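The values are calculated or read from the model by the stated rules, or taken from the named source; none is laboratory data. Owing to the predicted nature of the structure, the values given are computational and were not obtained by experimental measurement. Heads up, the Cβs are rebuilt from the backbone with ideal geometry, glycines too, and the neighbour counts pull from every protein chain shown.
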Amino acid sequence: MSEDEILLNVKNLHAYYPSRKGLIKAVRDVSFTVKSGECLGVLGESGCGKSSMALSLVGLFNRMAKFAAGAAKSPGLLKEFEKEEEERAGTRGQVVFRGHDLLQLDNEDLVKIRGKEISMIPQGLTHALNPQYSVGMQTGEPLEIHDENVRLLGMKKKVLDFLDLVRLADSETRYIMDPGSFSGGEAQRILIAMALISGPYLVIADEPTSALDVTIQRQIMNVLQMIKEDFDVSIILISHDAGVIAELSDRVAVMYAGRMMEIGAAVQMFHHPSHPYTMGLMSSFPTIAMMRMRAGGKRPTLRGIRGEPPDMTELPSGCPFHPRCDYCIDICKTEFPEFREVETDHWVSCHRYEDL
């Protein structure tokens, strides 16, 4: 992969925040790249650090960490513990976007990039839109912030164009309505329009279909597919649903307990998964063969992954997956494995591949 192709280069990213139970190591030593025009899917169980990583990329994680530090303080906690948690909370590493390390920028410079060059479609439809303002005003807010020459009529026209683009019905009439008047699927369309309206280079979509029923999920997937095909934009698609990731992604990164376990082309990842966790994930999802068995009156069984994900405040030593891994050996319990290239551009963090 040439340097000219790389839009985003994340190196050794860490993101921690305090809780009353201890320091939550949400993202640990994560590295990956995103090329211009590609869709990188980030797949993993809920709670593995996907959303924390997304917040880190747009410079919002530290704000959340400070809020968590305040919430974690309690008369029952030792002062030494509180001090240690606050000192280690936040982000470190590198997030190099178009030649700039976003983690080194101050808030004023970040605001110039966030919402204009990098946009985010957030998780959680119920609190992503402000109930006090109309959807038209909120959709046009990125233009108002980043384009000092924008005029009200011009902004309204562009907002309507983008609401029509994401197929929001009767957009001109509903421009002045508040978010409470819209369904979950419609709210998701509004958030997608908001993310695209300033012409970003990179869009981060955090669980864009998770709160929607199956029919609406299909509609949102169609909108995202249209964006991928018609816009010159890179996408980081975050989901715990392998079907969503498989449909849109060019490459896939698999996360577990705050770490990247495997990264490779989507075809390689879904047809030839190499990490035991990835193999377990793929065997946990229903297949066409299983559906045919059910249609024939048989009861197919999903294999799943034994055990439970680790407590993010008390992570196991070595590879965090080793307590659940069928291939675990002694070194897995003490040392985290390095990334190794098992095929061209297919990287795996597992001691099984040490001899490659």
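What the table shows:
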{"quantity": "Selection count, segment 326-341, where residues are closer than 15 Å to THR278 by Cβ and over 25 Å from the mean Cα position of the chain (by Cα)", "calculated": "2"}
{"quantity": "Whichever residue in segment 308-330 is touching a Cys at 6+ places or on another chain (Cβ under 9 Å) and without any contact (Cβ under 8 Å) to a residue 24 or more places away in the chain and, among such residues, is farthest from ARG259 (Cα to Cα)", "calculated": "CYS328"}
{"quantity": "Leading residue by the ranking (modelled with the lowest pLDDT) among those in segment 148-162 that are part of a helix (DSSP H, G or I) and surrounded by 13 or more Cβ atoms within 10 Å (Cβ to Cβ)", "calculated": "GLY154"}
{"quantity": "Positions within segment 140-185 being over 29 Å from the mean Cα position of the chain (by Cα) and of a type in the set (Asp, Glu), in sequence order", "calculated": "GLU148, ASP170, GLU172"}
{"quantity": "Residues that are in a helix (DSSP H, G or I) and touching a residue at least 24 places away in the same chain (Cβ under 8 Å), drawn from segment 86-112", "calculated": "GLU86, ARG88, LEU102, LEU103, ASN107, LEU110, VAL111, LYS112"}
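Quick grid of which residues meet (1) buried (at least 16 other Cβ atoms within 10 Å of the Cβ); (2) touching an Asp or Glu at 6+ places or on another chain (Cβ under 6 Å); (3) modelled with pLDDT of 95 or more:
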{"site": "ALA253", "(1), (2), (3)": "yes, no, yes"}
{"site": "TYR256", "(1), (2), (3)": "yes, no, yes"}
{"site": "MET260", "(1), (2), (3)": "yes, no, yes"}
{"site": "MET269", "(1), (2), (3)": "yes, no, no"}
{"site": "PHE285", "(1), (2), (3)": "no, no, no"}
{"site": "MET291", "(1), (2), (3)": "no, no, no"}
{"site": "ALA295", "(1), (2), (3)": "no, no, no"}
{"site": "PHE321", "(1), (2), (3)": "yes, no, yes"}
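Yes/no per residue for (1) surrounded by 22 or more Cβ atoms within 10 Å (Cβ to Cβ); (2) touching a residue at least 24 places away in the same chain (Cβ under 8 Å); (3) hydroxyl-bearing (Ser, Thr, Tyr); (4) touching a strand residue (DSSP E or B) at 6+ places or on another chain (Cβ under 6 Å):
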{"site": "GLN188", "(1), (2), (3), (4)": "yes, yes, no, no"}
{"site": "ALA195", "(1), (2), (3), (4)": "yes, yes, no, yes"}
{"site": "VAL203", "(1), (2), (3), (4)": "yes, yes, no, yes"}
{"site": "ILE216", "(1), (2), (3), (4)": "no, yes, no, no"}
{"site": "GLN219", "(1), (2), (3), (4)": "no, yes, no, no"}
{"site": "VAL223", "(1), (2), (3), (4)": "no, yes, no, no"}
{"site": "VAL233", "(1), (2), (3), (4)": "no, yes, no, yes"}
{"site": "ILE238", "(1), (2), (3), (4)": "yes, yes, no, yes"}
{"site": "GLY243", "(1), (2), (3), (4)": "no, yes, no, no"}
